[in-house]
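S.K.: Quick one: structure below, then a few questions.
The values are calculated or read from the model by the stated rules, or taken from the named source; none is laboratory data. In this text, all values refer to a predicted model and were calculated from it rather than measured experimentally. Using ideal geometry, Cβ is built from the backbone for each residue, glycine included, and neighbour counts are taken over all protein chains shown. Only protein heavy atoms, including side chains, enter the accessible area calculation; ligands, DNA and RNA are left aside. Shrake-Rupley method; radii C 1.70, N 1.55, O 1.52, S 1.80 Å.
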Amino acid sequence: GHGESHDQPFISIEDSAEKIIEYIEEECGKHVRYIAGFSVGAQITSEILSTCPDITENAAIESGCEIYVPIPKFAIEYLIRNKYYFQFLADICPLPEKMNQKFIENYEKMSFQSLVNTASSNLYHRAKSGLKNSDANVLIIVGDDEPWVMHIAAKRMAKLIPKSMFCSVKNTKHGGMS
């Protein structure tokens with residue numbers, strides 16, 4: 001549903017993780033050396049690690065919000081129908097200037113249903129308890145200038161994953177490390 005995959009529907013974080021796991025199992029001998037994800041991709045990475053704890057040796061999770069945000073689906077649909085929605089997203093988690101326009105362009109290409117699925121999946125996703133079984137070395141990154149909820153989520157995840165390291169990067173916005 002994002003970027004170059006905008007013509008394919010985004011179903012859920014769990015569905016995306018399942019597709020990646022299937023790919024790794026079929027094409028990479030069931031194991032890769034490194035997995036990384038940013039934002040929704042970070043949530044997908046966390047889902048992969050919780051489902052298949054030995055799929056990778058190393059992982060990086062950047063700016064993954066793993067805290068349930070109780071916004072009703074009808075409110076999400078209302079927000080998405082608003083012509084200022086994409087700017088609203090960019091304002092909530094400000095990206096570095098060079099990424100901001102690309103972000104808006106990518107989202108404008110997505111179908112309405114993919115936007116709803118992405119937003120609700122993102123807001124309703126929680127870190128799974130299976131993360132405690134992960135054997136991967138996991139770097140959990142959050143920018144200093146990100147919303148406070150991102151910091152809480154990153155610290156919670158670092159406590160949940162045994163071989164993890166939390167890193168807050170100074171003077172960095174959402175996506176500043178990507």
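S.K.: Any residue in segment 139-161 that is on the phi < 0 side of the Ramachandran plot sitting within a Cβ distance under 6 Å of a residue that is in a helix (DSSP H, G or I) and open to solvent by 20 Å² or more (accessible area, probe 1.4 Å)? List the pairs, counting only those 6 or more apart or interchain.
M.R.: The qualifying pairs are Ile140/Ala158; Val142/His151; Leu160/Lys132.
S.K.: If I filter segment 3-24 for residues that are crowded, with 16+ Cβ neighbours inside 10 Å and modelled with pLDDT under 80, do I get at least one hit?
M.R.: Scanning segment 3-24 turns up at least one residue that is crowded, with 16+ Cβ neighbours inside 10 Å and modelled with pLDDT under 80.
S.K.: Among (1) open to solvent by 40 Å² or more (accessible area, probe 1.4 Å); (2) at pLDDT 75 or above; (3) farther than 16 Å from Ser46 by Cβ; (4) charged (D, E, K, R), there is one condition Glu146 misses while meeting the rest; what is its number?
M.R.: The single condition Glu146 does not satisfy is (1).
S.K.: Looking for something assigned to a loop (DSSP other than H, G, I, E, B) and under 26 Å from Ile80 (Cβ atoms) - is there at least one such residue anywhere in segment 146-153?
M.R.: yes
S.K.: Suppose we filter Leu123, Leu139 for residues that are in a helix (DSSP H, G or I) and surrounded by fewer than 20 Cβ atoms within 10 Å (Cβ to Cβ); which single one remains? Spell out the reasoning first.
M.R.: Details: Leu139 fails: in a helix (DSSP H, G or I).
Of Leu123, Leu139, the one residue that is in a helix (DSSP H, G or I) and surrounded by fewer than 20 Cβ atoms within 10 Å (Cβ to Cβ) is Leu123.
S.K.: Could you give me the residue pairs with C-beta distances under 6 Å whose first residue belongs to segment 59-87 and is closer than 27 Å to Thr172 by Cβ and part of a helix (DSSP H, G or I), whose second residue is at pLDDT 80 or above and open to solvent by 30 Å² or more (accessible area, probe 1.4 Å) wherever it lies, and which are 6+ apart or on separate chains?
M.R.: Listed by first residue and then by second, the contacts come to Tyr85/Leu79.
S.K.: Any residue that is open to solvent by less than 70 Å² (accessible area, probe 1.4 Å) and aromatic (Phe, Trp, Tyr) - is there at least one of those in segment 81-88?
M.R.: Of segment 81-88, the ones open to solvent by less than 70 Å² (accessible area, probe 1.4 Å) are 82, 85-86.
When the remaining residues are screened for being aromatic (Phe, Trp, Tyr), the result is 85-86.
Within segment 81-88, one or more residues are open to solvent by less than 70 Å² (accessible area, probe 1.4 Å) and aromatic (Phe, Trp, Tyr).
S.K.: Which one is surrounded by the fewest Cβ atoms within 10 Å (Cβ to Cβ), of the residues in segment 25-69 that are acidic (Asp, Glu) and closer than 16 Å to Gly130 by Cβ? So that I can check it myself, show each step before the final result.
M.R.: So the first thing to find is which residues in segment 25-69 are acidic (Asp, Glu), and the list is 25-27, 47, 54, 57, 62, 66.
Subset that is closer than 16 Å to Gly130 by Cβ: 47, 54, 66.
On the way: Glu47: 28, Asp54: 12, Glu66: 23.
Among those residues, the one meeting the criterion is Asp54.
S.K.: Looking at (1) among the polar types (S, T, N, Q); (2) open to solvent by 80 Å² or more (accessible area, probe 1.4 Å); (3) at pLDDT 90 or above, can you tell me which one Gln101 breaks?
M.R.: Among (1) among the polar types (S, T, N, Q); (2) open to solvent by 80 Å² or more (accessible area, probe 1.4 Å); (3) at pLDDT 90 or above, Gln101 violates only (3).
S.K.: Scanning for something at pLDDT below 90 and either β-branched (Val, Ile, Thr) or touching a His at 6+ places or on another chain (Cβ under 6 Å) (or both), does segment 119-141 turn up at least one residue?
M.R.: no
S.K.: While we're looking at this one, here's another question. Can you name every residue in segment 108-120 that is touching a helix residue (DSSP H, G or I) at 6+ places or on another chain (Cβ under 8 Å) and open to solvent by 30 Å² or more (accessible area, probe 1.4 Å)? Can you show your working first?
M.R.: Here is the first cut: in segment 108-120, the residues touching a helix residue (DSSP H, G or I) at 6+ places or on another chain (Cβ under 8 Å) are 108, 110, 112, 115-116, 118-120.
Those that are touching a helix residue (DSSP H, G or I) at 6+ places or on another chain (Cβ under 8 Å) and open to solvent by 30 Å² or more (accessible area, probe 1.4 Å): Glu108, Phe112.
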